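A quick write-up on the structure given underneath.
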Amino acid sequence: MALLEVNNLTKRFGGLVANDSVSAEINEGEIVGLIGPNGAGKTTLFNCISGFYSSDGGSVAFEGKDITRFSADQVCRKGMARTFQIVKIFKDMTVLENVMVGAFCRTTSPERAQQEALKTLELVGLVEKKDVPGGSLTIAGKKRLELARALATQPRLLMLDETMAGLNPMETREAVELLRKINAQGVTLIVVEHVMEAIMTISDRIMVLDYGKKIAEDVPEKIAQNEEVIKAYLGERYYARS
């Protein structure tokens with residue numbers, strides 16, 4: 001049984017079909033990349049799976065249980081967390097307080113929430129910044145902070161929406177290593193990313209969306225040579241490099 005099962009999921013905005021009967025299975029322990037051009041429906045798919053949007057058709061099951069109509073907080077408590085394409089942190093709260101917000105998903109004890117937050121900040125490399133306001137961090141730091149807050153909810157499945165966007169090459173390499181470390185600790189990952197060098201390196205499988213439809217799903221090496229994917233998204237220049 002797959003950890004996450006998405007069956008014929010459809011989401012419409014008026015006459016626009018943002019997700020058109022998308023199906024996918026995510027197995028425990030995988031890192032799955034989700035790529036496609038802007039407007040392909042990647043973030044909408046995340047929003048429907050995680051309970052931020054209600055889908056117009058299809059179903060979502062997590063650990064074998066139907067969660068299609070779960071709210072975002074119910075999905076999170078079930079064991080699925082996500083980050084956002086546009087970073088959403090509490091700018092006036094300290095880094096530690098930001099991550100404690102996530103930890104309160106599993107406890108009502110401030111002491112336990114603080115312990116979990118500190119442990120998570122140590123993992124992502126932000127513990128030395130724990131007392132500074134979240135809004136004072138760099139872009140890379142804010143992305144790590146949002147990742148830490150999601151991790152503090154103790155998810156089994158973590159969905160990351162462009163975590164590496166805007167990072168320089170060194171920051172991107174560090175982000176890739178951090179995701180590998182998180183995955184090695186037993187967290188399954190779905191990663192939306194436009195940085196092809198990163199997503200092709202880290203993913204076990206890659207799914208490709210275009211105009212709301214899934215047009216391909218395979219290991220990175222075959223995705224890089226898929227003519228439909230090259231035409232829709234990667235382009236001939238990427239094919240020549242791969």
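Determine if the stretch 1-12 includes at least one residue that is buried (at least 17 other Cβ atoms within 10 Å of the Cβ), among the charged types (D, E, K, R), assigned by TED's automatic domain parsing to the domain that holds Lys231 and closer than 27 Å to Ala103 by Cβ. No, every residue in the stretch 1-12 fails to be buried (at least 17 other Cβ atoms within 10 Å of the Cβ), among the charged types (D, E, K, R), assigned by TED's automatic domain parsing to the domain that holds Lys231 and closer than 27 Å to Ala103 by Cβ. Screening Ser109 on (1) without any contact (Cβ under 8 Å) to a residue 40 or more places away in the chain; (2) surrounded by 15 or more Cβ atoms within 10 Å (Cβ to Cβ) shows it passes everything except condition (2).
Annotation note: of Glu171, Glu177, the sole residue that is without any contact (Cβ under 8 Å) to a residue 24 or more places away in the chain, among the charged types (D, E, K, R) and out of contact with any Pro (no Cβ under 9 Å at 6 or more places or on another chain) is Glu177.
Within the stretch 82-101, residues that are under 12 Å from Pro133 (Cα atoms) and not assigned by TED's automatic domain parsing to the domain that holds Ser71 have Cβ atoms under 6 Å from residues that are modelled with pLDDT of 95 or more and aromatic (Phe, Trp, Tyr) in these pairs: Asn98/Phe90, counting only partners at least 6 apart in sequence or on another chain.
Within the stretch 41-78, the set of residues being out of contact with any helix residue (DSSP H, G or I) (no Cβ under 8 Å at 6 or more places or on another chain), assigned to a loop (DSSP other than H, G, I, E, B) and touching a residue at least 40 places away in the same chain (Cβ under 8 Å) comprises Gly41, Asp56, Gly64.
Across the stretch 79-91, the number of residues qualifying as part of a loop (DSSP other than H, G, I, E, B) and either in contact with a strand residue (DSSP E or B) (Cβ under 6 Å, 6 or more places away or on another chain) or basic (Lys, Arg) (or both) comes to 5. Only residues that are surrounded by 20 or more Cβ atoms within 10 Å (Cβ to Cβ) and closer than 21 Å to Val187 by Cβ were counted in the stretch 125-140, giving 1. For the stretch 20-70, the candidate set comprises residues that are among the hydroxyl-bearing types (Ser, Thr, Tyr) and within 23 Å of Leu179 (Cβ to Cβ); within that set, the residue that is surrounded by the most Cβ atoms within 10 Å (Cβ to Cβ) is Thr44. Number of residues in the stretch 104-157 that are β-branched (Val, Ile, Thr) and either in a helix (DSSP H, G or I) or modelled with pLDDT under 95 (or both): the value is 5. Tallying residues that are under 29 Å from Asp56 (Cα atoms) and either outside any helix (DSSP H, G or I) or not assigned by TED's automatic domain parsing to the domain that holds Met164 (or both) within the stretch 188-238 yields 21.
Can you pull out every residue in the stretch 89-106 that is crowded, with 17+ Cβ neighbours inside 10 Å and touching a Ser or Thr at 6+ places or on another chain (Cβ under 8 Å)? Once the filter is applied, which keeps residues that are crowded, with 17+ Cβ neighbours inside 10 Å and touching a Ser or Thr at 6+ places or on another chain (Cβ under 8 Å), the stretch 89-106 yields Val99, Gly102, Ala103, Cys105. Could you tell me whether any residue of the stretch 171-186 is basic (Lys, Arg), within 20 Å of Glu5 (Cβ to Cβ) and surrounded by fewer than 19 Cβ atoms within 10 Å (Cβ to Cβ)? No. Does Ile190 qualify as being hydrophobic (A, V, I, L, M, F, W, C), within 16 Å of Asn27 (Cβ to Cβ) and surrounded by 15 or more Cβ atoms within 10 Å (Cβ to Cβ)? It is true that Ile190 is hydrophobic (A, V, I, L, M, F, W, C), within 16 Å of Asn27 (Cβ to Cβ) and surrounded by 15 or more Cβ atoms within 10 Å (Cβ to Cβ).
The values are calculated or read from the model by the stated rules, or taken from the named source; none is laboratory data. Model, not experiment: these values are computed from the prediction. Don't worry about glycine lacking a Cβ; one is built from the backbone with ideal geometry, like all the others, and counts go over all protein chains shown.
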